[in-house]
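One structure is given below, encoded as structure tokens.
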Amino acid sequence: MAKKTIRVHTPFNFTSEDGTSQRFETGEHTVDEKVADHWFVTAHSDVTGKAKASADTKEFQAQIDSLTAQLAEKDKAHGELQQSVAEKDQTIADLTAQLATLQAPVTEPAAEGDADGKKPKSADSK
């Protein structure tokens with residue numbers, strides 16, 4: 001029996017004359033011509049034409065495979081870049097902490113005087 005492609009716009013369950021039920025979700029489906037021409041199916045879908053040739057399907061599958069491989073490569077590169085950014089962020093945080101330590105005010109004793117900060121007594125004074 002000839003096949004047709006339908007584009008379902010409203011999901012539905014179709015029960016054929018022999019009592020079998022089939023669920024059709026939104027999207028394209030290849031069905032028998034008898035099913036495609038049924039009034040209930042036409043109410044929930046648009047007939048887009050005859051089923052695509054298998055050569056078209058193979059071509060599309062090759063494109064899908066190629067794009068899937070490209071996506072996997074991009075995902076890997078993205079992960080590597082995220083790791084690199086995380087390492088650089090850590091380096092920046094470490095350097096910022098070192099800079100803050102080096103810029104902290106010096107708390108050494110006064111240049112003149114003892115460690116307690118008092119001025120030394122001159123040798124002449126009693």
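What to note about this one:
- Being closer than 24 Å to Asp56 by Cβ and at pLDDT 90 or above holds for only one residue in Phe24, Phe40, and it is Phe24.
- When restricted to residues that are β-branched (Val, Ile, Thr) and closer than 24 Å to Thr57 by Cβ, region 1-21 contains 3.
The values are calculated or read from the model by the stated rules, or taken from the named source; none is laboratory data. Nothing here was measured: the structure is a model prediction, and the numbers come from that model. Glycine gets a Cβ as well: all are built from the backbone with ideal geometry, and neighbour counts include every protein chain shown.
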